[in-house]
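Everything below concerns the one structure shown next.
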Amino acid sequence: MDYTNSFAISASGMTLERLRLDVTALNLANANTTKKADGSLYRPMKVVASPGETFVEVLKNEANAASLKGSEVKGVVDVQLVPSSVGPKKVHDPAHPHADEKGFVEYPNVNPADEMINMISAQRSYEANVKAFNATKTMALRALQIGGNK
């Protein structure tokens, strides 16, 4: 049996979860940012991913195990593109240098609690992929040991 597919699937999952952690850290780091270098407001980001193959596709291609794929990152998009998103958070602070004529400052609408939940979820998923990777490695080593004893 070829274990490289299993290694590749676990690796793609770890790559995806690392990207989710990076994006969550970026959102948290910019939660109190009023302007980016270009003068625009930072917009919270999220990772959009899809499976490389659905379960039904895997069953259809059961004869060809080499066709198995892991997760595939479709891209990083603005949260604002999601229909349920809300606009920037406005805080009344007339002394702030970026305040408008009414004294309001716009901040990115980053919810730290949601971001922490995303971070914990990504961390747990990463750990699950590491465990799957290690289990595959253990099975491969045991198969080599069994084959070497003959």
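The values are calculated or read from the model by the stated rules, or taken from the named source; none is laboratory data. In this text the structure is predicted, and so the values were computed from the model without any measurement. So basically every Cβ, Gly included, is an ideal-geometry build from the backbone, and we count neighbours across all protein chains shown.
You will find that of Val58, Val76, Val23, Val82, the residue that is modelled with pLDDT of 60 or more and within 19 Å of Ile117 (Cβ to Cβ) is Val23 and no other. Quick check: anything in segment 97-110 of a type in the set (Lys, Arg) and modelled with pLDDT under 90? No, the conditions are met nowhere in segment 97-110.
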